[in-house]
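Notes to accompany the following structure.
The values are calculated or read from the model by the stated rules, or taken from the named source; none is laboratory data. The model shown is predicted, which means the values in this text are computed figures rather than measured ones. All Cβ positions, glycine included, derive from the backbone under ideal geometry; neighbour counts span all protein chains shown.
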Amino acid sequence: MQESKSTVLVIEDDVELRNSLGRLLQSVDLDAELFGSVSEFLKSDPPDGPACLVLDVRLPGQGGLNFQRELVAANREIPIVFISAHGDIRMSVQAMKGGAIEFLSKPFRDDELLDAIQLGLARDRARRESEKALASLKERFGSLSPREREIMIEVARGRLSKQIAGDIGVSEPTVKVHRSNAMRKMNVRSLQEFGRMAAKLGLVPEKS
């Protein structure tokens, strides 16, 4: 399957700067979607692939920092690079605490912006890949029978087959058969990998 193309989303009310940013991104083969306000951005469809948001602090209507807070509250994860002609330390600290990649004061150098965008795209790409892997893991776990799930959790907790058999009232060979079937369905080759998968699924605590 072909990887979805990366997109840079720009919210900037200065038409000249907005168009200039669009040309800059085009010059380095990055797809860009340009918006003059947050409300205009919200009317658009989200990109299918990795994305990074270049966001001005001061905008008509809703400002950039307030929009960042809304995105965080909605658990909408998108890397943000702030740009501002009126930024101060307080704004910068607030933006970075909210998870922003960078806070650039206008005028900024092209390479500063592009470096921050590439970092944002790399982070979003990694996040999407992680979410995809977790979704696949959940799908495989969902294919297990209730008994296989039960035994998988006990194995991940470090319980021996003999102990599990005594706990759930079946023979030890039966536990081993269920364990083998679960490992095959989960596509794992060792009990250690089995345990790591269970931790990723939140079935057992992560080991340090």
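So, F141, is that one at pLDDT below 90 and of a type in the set (F, W, Y) or not? No. Per the conditions (1) surrounded by 17 or more Cβ atoms within 10 Å (Cβ to Cβ); (2) over 28 Å from I80 (Cβ atoms); (3) out of contact with any Ser or Thr (no Cβ under 9 Å at 6 or more places or on another chain); (4) among the hydrophobic types (A, V, I, L, M, F, W, C), the sole criterion not satisfied by V175 is (3). Pairing residues of the range 35-61 that are under 17 Å from D124 (Cα atoms) with residues that are among the basic types (K, R), at Cβ distances under 7 Å and at least 6 apart in sequence or on separate chains, gives G49/K5; P50/R125; P50/R128.
The rows are residues; the columns are (1) more than 22 Å from G22 (Cα to Cα); (2) surrounded by fewer than 18 Cβ atoms within 10 Å (Cβ to Cβ).
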| residue | (1), (2) |
| --- | --- |
| L53 | no, no |
| R69 | yes, yes |
| V72 | yes, yes |
| F82 | no, no |
| A85 | no, yes |
| I101 | no, no |
| D110 | no, yes |
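Quick one: is A95 in a helix (DSSP H, G or I), loosely packed, with under 12 Cβ neighbours inside 10 Å and of a type in the set (A, V, I, L, M, F, W, C)? No; evaluated as a whole, the condition is false for this residue.
Residues checked against (1) in a loop (DSSP other than H, G, I, E, B); (2) assigned by TED's automatic domain parsing to the domain that holds P46; (3) in contact (Cβ under 8 Å) with a residue 40 or more places away in the chain; (4) out of contact with any helix residue (DSSP H, G or I) (no Cβ under 6 Å at 6 or more places or on another chain):
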| position | (1), (2), (3), (4) |
| --- | --- |
| P107 | yes, yes, no, yes |
| D111 | no, yes, no, yes |
| K162 | no, no, no, no |
| D167 | no, no, no, yes |
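Quick grid of which residues meet (1) among the acidic types (D, E); (2) in a helix (DSSP H, G or I); (3) under 15 Å from L114 (Cα atoms):
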{"position": "K5", "(1), (2), (3)": "no, no, no"}
{"position": "V10", "(1), (2), (3)": "no, no, yes"}
{"position": "E16", "(1), (2), (3)": "yes, yes, no"}
{"position": "L25", "(1), (2), (3)": "no, yes, yes"}
{"position": "L34", "(1), (2), (3)": "no, no, no"}
{"position": "D45", "(1), (2), (3)": "yes, no, no"}
{"position": "N66", "(1), (2), (3)": "no, yes, no"}
